[in-house]
Amino acid sequence: MKTDRHGAKRLLLFICVYLWLISTACAQVSFTIATKDGKSRFRVGEAIEVEFRFQATEPGYGVWTTSLVRLVRRPEFDHFTVEPSAGVADPLIDSFAQMSGGGFVGRVPEAAPLSRTPTVVGVPMNEWLSIRHPGHYRVSAETTRVVTTDNPPTTVTLSSNTIEIDLVEPAPGWKENSLRQAVRTLERPDPPEPRIGEEFDPRPREVHDADAAAAARMLRFLETREAARALARFYEHGPVMAQSELRAGLFASPYRSDVIAAMEEAISARDVPVNYSYLGVLIQLVNLTRYGPTPDYTPKSPDEIRKWMDEVEKPYRDKSQSTEPEYFKRLADAIGTKEGQARAISLETLTNRGSQFAGPDLQKAIAENFAALPQVSQQSLLTNGWASISSPAMEPVVRSLAGGNSPLRDSALVRLWEFDPGAARAVTLDRIRKADIVPGPYNDYRILLTLTEATLPEMDDALIMAWEQDKGVDTLIARYASERASGALRAWADRFPGGICNSALAAYFFRVDPTWAASEVVRLRTASPESCFINLSPNADLLMSPGLERQAIEDLENSDLMIRRLALTMLQNGGSAAAEMPLLDAFVRRQDERLDDGFLEALLNAAGWVASKDTADRARAACMTDSCRKRLDSARQSQQPPIKVALDPVLSGYAMVGAVIVRGRKQFESKIAQFPKGTVFDLGTTSPDNAYRKARLDEARKIVEGAGMKLSADEHR
């Protein structure tokens with residue numbers, strides 16, 4: 001009993017101290033709310049702007065000033081209370097539990113410091129509460145925006161004062177006028193993207209984007225039947241900067257049946273393109289109507305996660321999974337009525353998950369309508385989506401793109417090599433001769449570096465001229481220029497302050513004159529410490545040479561962290577098996593653990609070797625931290641046979657062997673041959689869903705079995 005009394009006293013003392021600390025924090029930090037400009041009278045359907053005001057009488061507190069737009073079911077910081085609560089709804093109460101909008105912005109790096117001068121955060125209350133009936137209301141809020149500046153910070157929960165507002169029926173015509181205004185704004189197309197090299201004034205674009213977002217918010221808060229149909233009309237078919245607001249509005253609308261009806265009508269409309277995002281949101285809305293909201297994700301521990309997935313997530317998924325094929329079939333049935341870009345985009349959507357409903361002519365239809373697709377869609381299909389559309393019908397498409405001036409000619413050339421290597425080689429040589437480097441976001445000219453020749457001496461003069469004209473052909477020079485070009489290139493390097501460093505020219509000189517290149521790197525780094533970086537990513541495997549490998553190994557001991565990091569990446573992606581032991585020795589000798597992850601990644605997931613048990617054991621013994629040892633153990637566990645091979649194609653890629661990306665058939669063959677004879681590989685499914693995937697699978701099987709390896713038993717089901 002005596003012990004119990006003492007324990008109770010200690011518990012009481014702890015509670016008292018905790019409450020004192022909380023009360024002290026609350027006394028030092030104040031949180032009040034007020035309507036913007038002191039306005040107290042609002043129309044039903046009008047935006048209600050509220051200001052959160054924070055002050056601190058003592059230093060040591062900050063406030064998060066971001067996350068002002070709520071696009072998820074569970075708001076990050078704020079909670080409103082309204083009395084009376086009748087007729088008040090949470091507009092996103094049953095939205096997808098983990099939904100986040102396209103325009104959602106995360107926290108700023110640091111909370112804004114608080115002082116006696118108020119920090120004001122504007123919050124649209126309609127994001128959290130929809131007051132749908134006229135009346136007099138009392139509003140208060142609770143927030144966790146304030147944190148201490150300790151490391152780690154502590155969250156301070158604060159409650160606000162109460163404000164009073166009146167909601168009134170809008171005057172006749174106000175809702176209709178607001179709707180027309182919003183629609184007129186959303187009907188204005190986005191301004192064209194600026195062309196590379198042209199002068200661009202961003203201000204008109206910024207005004208357009210702000211107006212579009214405001215118009216979408218107006219539709220979202222009006223909450224009328226007509227606004228619901230307008231939300232559906234412009235979702236994925238209106239200005240880009242309006243889309244996150246429109247998406248949230250589709251979930252928030254009290255007229256969900258009207259939203260669904262309008263979106264279903266668009267599926268059959270002749271001139272409405274139906275993309276994957278549009279169809280996905282419609283499917284989510286239908287599932288909410290049929291099966292209720294998706295469950296909140298609540299577990300924390302691994303056991304709770306497994307239980308939640310088995311008992312909550314899986315049953316919901318099982319009962320709702322029939323909705324997706326139902327709506328993909330609707331779209332497939334409507335394809336014949338669609339025209340132009342609407343048909344092209346809708347066909348692209350079917351390649352995602354609805355190809356089984358579109359029939360055997362889907363690939364032919366994609367090829368026939370490919371030119372009508374937006375450029376970003378064309379690029380996606382030529383890269384990540386290629387397995388879904390590859391067919392003989394696509395050969396004329398990629399031939400035209402690869403040989404022309406399209407920004408997609410790199411991606412198309414990758415595919416032309418699959419159809420007609422002779423034609424692809426001719427295009428490749430012509431582009432090298434012309435120093436034809438694709439500008440803009442689709443630049444990936446690695447495909448130009450993959451010819452079998454060690455050098456192309458006949459290209460020397462053209463490449464040097466292009467280099468002197470600042471055409472950015474250093475990687476082509478590094479790959480193909482002969483030793484004959486070294487005089488002109490060395491003269492240029494002597495004139496340029498950076499010399500051979502900070503470009504792929506370093507790879508050229510290490511290939512043709514490694515002794516001079518190494519001495520030049522020493523000279524430049526001595527003259528300017530923390531400089532002369534050698535970065536060949538993602539082409540290290542094509543540009544590596546014995547001299548460059550020696551330099552990379554030497555750089556593992558450099559005092560500059562970035563030079564060491566780049567050396568690790570270079571050896572991981574382009575180093576030979578001879579680099580494994582020097583790399584391991586450098587890891588053992590290192591003075592700190594800042595690059596441990598990079599060392600382990602390079603050692604265990606290298607393209608040029610398979611780490612031996614001795615390498616793993618020595619590396620584990622050299623680990624300085626438990627996290628290093630755990631990472632190594634986890635990586636080793638994942639490398640136990642059967643070794644998984646992923647064959648889904650990506651641009652300039654061929655496959656994943658374990659955790660290693662291999663780029664091309666030749667490197668795939670080399671990687672497979674590095675494993676001990678008889679190693680078991682798992683190539684995935686035995687039932688490819690199309691001819692392209694079947695051909696890739698058959699090719700990989702031949703390579704694996706031809707190298708003396710085995711296939712997983714699952715391969716022979």
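The values are calculated or read from the model by the stated rules, or taken from the named source; none is laboratory data. The shown structure was predicted, so the numbers you read here are calculated from the model rather than taken from an experiment. So basically every Cβ, Gly included, is an ideal-geometry build from the backbone, and we count neighbours across all protein chains shown.
A compact table of results
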| item | result |
| --- | --- |
| Flag for residue 639 being at pLDDT 90 or above and surrounded by 15 or more Cβ atoms within 10 Å (Cβ to Cβ) | no |
| Considering residues of region 593-643 that are within 24 Å of residue 557 (Cβ to Cβ) and acidic (Asp, Glu) only, the residue farthest from the chain's Cα centre (by Cα) | 614 |
| Residue check, residue 646 closer than 25 Å to residue 379 by Cβ, of a type in the set (Gly, Ala, Ser) and more than 27 Å from the chain's Cα centre (by Cα) | no |
| Condition broken by residue 515, with the remaining ones in (1) under 26 Å from residue 412 (Cα atoms); (2) out of contact with any Asp or Glu (no Cβ under 8 Å at 6 or more places or on another chain) satisfied | (1) |
| Residue 239 more than 18 Å from residue 280 (Cα to Cα) and either surrounded by 23 or more Cβ atoms within 10 Å (Cβ to Cβ) or under 23 Å from the mean Cα position of the chain (by Cα) (or both) | yes |
| Residues of region 370-394 that turn out to be part of a helix (DSSP H, G or I) and either small (Gly, Ala, Ser) or surrounded by 19 or more Cβ atoms within 10 Å (Cβ to Cβ) (or both), as a count | 15 |
| So residue 215, is it crowded, with 18+ Cβ neighbours inside 10 Å and either over 30 Å from the mean Cα position of the chain (by Cα) or within 29 Å of residue 82 (Cβ to Cβ) (or both) | yes |
| Subset of region 554-589 that is touching a Lys or Arg at 6+ places or on another chain (Cβ under 9 Å) and assigned to a loop (DSSP other than H, G, I, E, B) - its residue that is surrounded by the most Cβ atoms within 10 Å (Cβ to Cβ) | 556 |
| Top-ranked residue of region 261-277 - restricted to ones that are hydroxyl-bearing (Ser, Thr, Tyr) and closer than 17 Å to residue 333 by Cα, ranked as surrounded by the most Cβ atoms within 10 Å (Cβ to Cβ) | 276 |
| Residue match in region 343-358 (condition: loosely packed, with under 15 Cβ neighbours inside 10 Å, of a type in the set (Ser, Thr, Tyr) and more than 22 Å from residue 691 (Cα to Cα)) | no |
| Residue in region 657-672 that is part of a loop (DSSP other than H, G, I, E, B), free of Cβ contacts under 8 Å to residues at least 60 places away in the same chain and out of contact with any Asp or Glu (no Cβ under 6 Å at 6 or more places or on another chain) present | yes |
| Every residue from region 409-441 that is closer than 30 Å to residue 358 by Cβ and surrounded by 21 or more Cβ atoms within 10 Å (Cβ to Cβ) | 409, 410, 411, 412, 413, 414, 415, 416, 424 |
| Residue list for region 672-694, restricted to those being among the small types (Gly, Ala, Ser) and modelled with pLDDT of 90 or more | 673, 678 |
| Matching residues in region 644-654 - criterion: being at pLDDT below 90 and assigned to a strand (DSSP E or B) | 646 |
| Only listed residue being over 15 Å from residue 455 (Cα atoms) and touching a residue at least 40 places away in the same chain (Cβ under 8 Å), chosen from 491, 506, 478 | 506 |
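One line per residue, one yes/no per condition, for (1) closer than 28 Å to residue 63 by Cα; (2) at pLDDT below 90; (3) outside the structural domain of residue 39 (by TED's automatic domain parsing):
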site: 87; (1), (2), (3): no, yes, no
site: 98; (1), (2), (3): yes, yes, no
site: 108; (1), (2), (3): yes, yes, no
site: 115; (1), (2), (3): yes, no, no
site: 120; (1), (2), (3): yes, no, no
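Residues checked against (1) over 29 Å from the mean Cα position of the chain (by Cα); (2) of a type in the set (A, V, I, L, M, F, W, C):
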site	(1), (2)
144	no, no
150	yes, no
156	yes, yes
170	yes, no
176	yes, no
200	no, yes
204	no, no
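This table checks each residue for (1) in the same structural domain as residue 53 (by TED's automatic domain parsing); (2) more than 30 Å from residue 406 (Cβ to Cβ); (3) part of a loop (DSSP other than H, G, I, E, B).
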| site | (1), (2), (3) |
| --- | --- |
| 143 | yes, yes, no |
| 179 | no, yes, no |
| 184 | no, yes, no |
| 191 | no, no, yes |
| 208 | no, no, no |
| 215 | no, yes, no |
| 226 | no, yes, no |
| 229 | no, yes, no |
